[in-house]
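Enquirer: Structure provided below as structure tokens; questions to follow.
The values are calculated or read from the model by the stated rules, or taken from the named source; none is laboratory data. Since the structure is predicted, the reported quantities are computational estimates derived from the model, not experimental observations. Neighbour counts are summed over all protein chains in view; Cβ atoms, including those assigned to glycine, are modelled from backbone coordinates with ideal geometry. Just the protein is used for accessible areas: all its heavy atoms, side chains included, with ligands, DNA and RNA removed. Shrake-Rupley method; radii C 1.70, N 1.55, O 1.52, S 1.80 Å.
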Amino acid sequence: MKVELSPQELKALLLLLEEHLYYGWIEQDGEFEVVASGRVSPALLALLQRLKRLQRDAA
């Protein structure tokens, strides 16, 4: 699959992936609270690394 992203979309996606890397999965804690688990998705980590590598190579 190939997906073309605008610069704004790429920036937003990178921000979300970096937030995921920092916080991990967000999980529900009780009925109304959420907490950061610290557990990161290996697939999302690989995607972030790949996008950053492609971004560096394009520069």
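Enquirer: Just in the chain: which GluC sites (Glu not before Pro) are loop by DSSP and have at most 15 other Cβ atoms within 10 Å? Don't skip to the answer; put the middle values down first.
Expert: Details: sites: Glu4, Glu9, Glu18, Glu19, Glu27, Glu31, Glu33; in loops: Glu4, Glu31.
Here the GluC sites (Glu not before Pro) that fit, given the DSSP loop and packing criteria, are Glu4, Glu31.
Enquirer: For labels at Glu4 and Ala59 in the simple 7 Å Cα→Cβ model, what's the distance in nm?
Expert: Label at Glu4, label at Ala59, 2.4 nm between them.
Enquirer: Mind listing P(r) for the chain? All alpha-carbon pairs, 10 Å bins, whole percents.
Expert: Taking all Cα pairs of the chain, the binned fractions are 20, 44, 24, 10, 1 percent.
Enquirer: Ignoring any ligand, DNA or RNA, what whole percent of the accessible area of the chain comes from carbon and sulfur when the probe is 1.4 angstrom?
Expert: Solvent-exposed carbon and sulfur of the chain make up 58 percent of the total.
Enquirer: If you place +1 on the Cβ of every Lys and Arg and -1 on the Cβ of every Asp and Glu, how big does the dipole about the Cα centre of the chain come out, in debye to the nearest 20? Can you show the working numbers first?
Expert: Details: 7 positive and 9 negative charges, 115 e Å.
It comes to approximately 560 debye.
Enquirer: Here is a follow-up. PRE reach from Leu44 (point 7 Å along Cα→Cβ): which of the stretch 1-27 fall under 11 Å by backbone N?
Expert: Of the residues in the stretch 1-27, 16-27 have backbone N under 11 Å from the label point off Leu44.
Enquirer: When the helix-only estimate is applied to the chain (DSSP H runs of n ≥ 4, each -39,500 (n - 2.57), divided by the residue count), what is the mean residue ellipticity at 222 nm, nearest 500 deg cm²/dmol? It would help to have the intermediate numbers written out before the result.
Expert: On the way: 2 runs with 34 residues, N = 59.
Only helices count here, giving -19500 deg cm²/dmol.
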